[in-house]
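In what follows, a single structure is set out as structure tokens and then discussed.
The values are calculated or read from the model by the stated rules, or taken from the named source; none is laboratory data. No experiment lies behind these values; they were computed from the predicted model shown. In this analysis, Cβ positions are derived from the backbone assuming ideal geometry, glycine residues included, and neighbour counts consider all displayed protein chains.
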Number of protein chains: 2
Amino acid sequence: MARKTGSHSEITGPKVREAALSLFAQHGFAAVSMRQIAAKVGVQAGALYLYTKDKQSLLYDLMQAHMDELLAAWADEPKGDSALSRLEAFARFHIRFHLERPDAVFIAYMELRNLSDENFAAVEALRRRYEGELEAILRAGQAEGAITAPDVRLTTMALIAMLTGVNTWYREGGRLSRDAVADIYWDMVRGAVGA
Amino acid sequence: MARKTGSHSEITGPKVREAALSLFAQHGFAAVSMRQIAAKVGVQAGALYLYTKDKQSLLYDLMQAHMDELLAAWADEPKGDSALSRLEAFARFHIRFHLERPDAVFIAYMELRNLSDENFAAVEALRRRYEGELEAILRAGQAEGAITAPDVRLTTMALIAMLTGVNTWYREGGRLSRDAVADIYWDMVRGAVGA
DNA sequence: TTGATAACTGAACGCTCGTTCAAATCAAAC
DNA sequence: GTTTGATTTGAACGAGCGTTCAGTTATCAA
């Protein structure tokens, strides 16, 4: 008689994704083999195909899951009423969220090239939705006269680049706490938009 | 009788590097094969080894050459006397230099993981030298009371991330000219450091 | 204990990789 | 036309790739 749904597979499946995330972030999608992922999980390569259609799907699923989680978490984030308080909420949220999952962030930005055209389009659309959130805040701020942004689109991309850059240098246990880091970034964002 | 030094090789050599740069930027180091690079040049893979020791050296040489050029160009850039005018010179220089060579910039930031430890250390040192240039400007600005940067190191990395992000969205022939782009970025940089 | 199914193994398949190198071709000088 | 060195070809080598699947093992309920 069949076992109940999910038994061993509910352990191995997440392990496959964790191993893939870690190895893709460390070495890059194309440089990591399915055999290496399997070895990290403790199975043979053939077993991976019980949990992912193929290597490309594995990457795509990781990237899509990250973007979905980012958008959902932002949607749930308490925001203020004014554009400026929403901008502050965005900056602090972005820093916190990105520092909490460095591997997923890294993959989300570095591995776009390794996605097939169809998968790339899907992930790109999610990225644009997230960028759109900040862009809407900036437009509202402009309308409220609270900020200055000669080109809102450019400002959006520049701020996201600056905020996302936190992952390239931040080390846990370094000189600055996460809150101090968020404070400084917020000050810079506020200054950058003339608020 | 032997041909004089440098004849056909002075054509093929640069072509190998150009093809490698373009393909590495487009697809990533690990995803591009020596056969593909050779095909783009119009030779067979075996011919590449007349111009590069191996695949790893090809990447390293491209990245090192880019960093050397960046540092040399910055050293030659006219700067002002005050920290603020040097900061403006840096911001405008960074935008211009990075927009002029998108493939090299892309590789310089994206392919660090694919460098061997020794090569990584060498390129990382060059990156730190460039970051050090901005950091020195910010420290001088702080000392002159011209800017505010609670943590100069963080501010350095944040500004470089913001400026380098220009390559992720800028399209030649888009809505904004390069000068307009540089203007906006400079305004944001100035605002970010409270000047 | 038995039988059924889930989960995994291990090897095969066709393919491609980076690199090497003997042979071939090209081109300049005489 | 010949000689010589530069440059390239083309195939081989050993290794590894992603993926498949028949067979095996583990697990569970009856």
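A few remarks follow.
- Per the listing B:ASP61, B:ASP81, B:ASP76, B:ASP68, the residue uniquely within 13 Å of DNA strand C (Cβ to nearest atom), surrounded by fewer than 18 Cβ atoms within 10 Å (Cβ to Cβ) and assigned by TED's automatic domain parsing to the domain that holds B:ALA122 is B:ASP61.
- Elements of type helices (runs of 4 or more DSSP H) in region A:138-195, at least 2 residues being buried (at least 22 other Cβ atoms within 10 Å of the Cβ): A:152-164, A:178-192
- Boolean, B:GLN44 is surrounded by fewer than 16 Cβ atoms within 10 Å (Cβ to Cβ) and without any contact (Cβ under 8 Å) to a residue 24 or more places away in the chain: yes
- Scanning region B:113-133 for residues that are within 13 Å of chain A (Cβ to nearest Cβ), part of a helix (DSSP H, G or I), modelled with pLDDT of 95 or more and touching a helix residue (DSSP H, G or I) at 6+ places or on another chain (Cβ under 7 Å) yields B:ASN114, B:PHE120, B:ARG127, B:GLU131.
- Considering region B:1-53, the qualifying helices (runs of 4 or more DSSP H), each wholly inside and each with 1 or more residues that are modelled with pLDDT of 95 or more, within 24 Å of B:THR168 (Cα to Cα) and more than 11 Å from DNA strand C (Cβ to nearest atom), run over B:9-27.
- The one condition in (1) hydrophobic (A, V, I, L, M, F, W, C); (2) within 11 Å of chain B (Cβ to nearest Cβ); (3) free of Cβ contacts under 8 Å to residues at least 40 places away in the same chain that A:PHE106 fails to fulfil: (3)
- In region B:164-182, the residue that is nearest to the chain's Cα centre (by Cα) out of those that are within 22 Å of B:GLU133 (Cα to Cα) and more than 8 Å from every other protein chain (Cβ to nearest Cβ) is B:ASN167.
- Inside region B:134-163, residues that are in contact (Cβ under 8 Å) with a residue 60 or more places away in the chain, farther than 22 Å from B:ALA72 by Cα and within 12 Å of chain A (Cβ to nearest Cβ) make up a count of 1.
- Where a residue in region A:22-41 is away from chain B (no Cβ under 11 Å) and its partner, wherever it lies, is among the polar types (S, T, N, Q) and outside any helix (DSSP H, G or I), with Cβ under 6 Å and at least six apart: A:ALA38/A:GLN44
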